[in-house]
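Everything below concerns the one structure shown next.
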Amino acid sequence: MNRSPIFSPGVLLFDWDDTLVDGWAAITAALNAVFAAHAMPAWTVSQTRERVRGSLRDTFPGMFGAGWTGARDLFYATLEEQHLDHLRPMPGAIDALTAAGAWPCGVVSNKAGRYLRAEVVHLGWAGHFRAVVGAGDAAADKPDPAPIRLALEPIGAGPDRTVWYLGDTALDMRTARAAGCTAVLIGDAEHDGGVAHADPDLHFADARALALHLRQQAT
C-alpha cells in the first residue's frame, strides 16, 4: 500500500489502456480473430481486461508457439481495421490531462508504438505529451524499466521518485518501481486483483480524483 515519503511530481508518465482510454473492444476483436484461426475459445471484453498485461512480443510466443508470428500479423491486421473506431477516453481522463499540463508528461504503454501514437493523434492529445513510448520502441517492454527510461530522454529527466508513473495494474506498479519511480494507481484495479494486489505507492480512486490532486499541487 502507500509508502512514505511520497515525492511531489516532477514528471507524469501515464499508462494508456484503462488509464486514459478504453480501447478494449478493438483489442478483444483482434484477439478473437486470432483465437478463431487457432480453434481456441473466444474471450469477452471483461476477460481481455483481466488477462492482457504483457506486450504481444512477450506473450504471443507462449500462447501460440512456433506460429506466433502469424498470430501477430493477424492480430495487427484486425486491430488496424477498427482500433480508432472503438477508442474512448476514460471518465475524467481529459480533466486529468488538463490538470497535468503543469508538468511535462508522457505515455508508456504495452500497446504497439505504431497504434499507440495513432490513437494519441486521433484523440487530439499529441500536445499533452513530450514522449509516447509503446511496445517495441525500447529494448524491452513493461515491466522492464527500459520504456520509462526511453520516455524520459526527450523530457530531459532521469528516473527517480519525482517521476510518477500512473497506471491501472500491478504490472504498472512493478514497472514504476523497477525504474525507481513513484508507482501511482488510478482506479480500483478490480480487473487485476484489487488495490492491495497492485500495492501502489499512491492511489487515486479515478482520474477525476487525480485531477483534483494535481490542481492542488500546482497552486
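The values are calculated or read from the model by the stated rules, or taken from the named source; none is laboratory data. As the structure is a computational prediction, the values presented were derived from the model and not from experiment. Backbone-built Cβ (ideal geometry, glycine too); neighbour counts: all protein chains shown.
Do we find that residue 70 is surrounded by fewer than 21 Cβ atoms within 10 Å (Cβ to Cβ), closer than 13 Å to residue 56 by Cβ and either at pLDDT 95 or above or within 13 Å of the chain's Cα centre (by Cα) (or both) in this structure? It is true that residue 70 is surrounded by fewer than 21 Cβ atoms within 10 Å (Cβ to Cβ), closer than 13 Å to residue 56 by Cβ and either at pLDDT 95 or above or within 13 Å of the chain's Cα centre (by Cα) (or both). Between 170, 139, 207, 183, the distinction of being free of Cβ contacts under 8 Å to residues at least 24 places away in the same chain, under 17 Å from residue 16 (Cβ atoms) and in contact with a helix residue (DSSP H, G or I) (Cβ under 6 Å, 6 or more places away or on another chain) belongs to 183 only.
Would you point out the residue of segment 7-58, among those that are in a helix (DSSP H, G or I) and among the charged types (D, E, K, R), that is nearest to residue 87 (Cα to Cα)? Restricting to residues being in a helix (DSSP H, G or I) and among the charged types (D, E, K, R), the top hit is 49.
The listed residues are 195, 132, and the only one of them that is β-branched (Val, Ile, Thr) and within 20 Å of residue 9 (Cα to Cα) turns out to be 132. Residue count for segment 112-137 satisfying the condition of being farther than 24 Å from residue 57 by Cα and among the charged types (D, E, K, R): 1. Checked against the criterion of being on the phi > 0 side of the Ramachandran plot and either surrounded by fewer than 17 Cβ atoms within 10 Å (Cβ to Cβ) or in contact with a helix residue (DSSP H, G or I) (Cβ under 8 Å, 6 or more places away or on another chain) (or both), segment 90-100 contains one or more residues that satisfy it.
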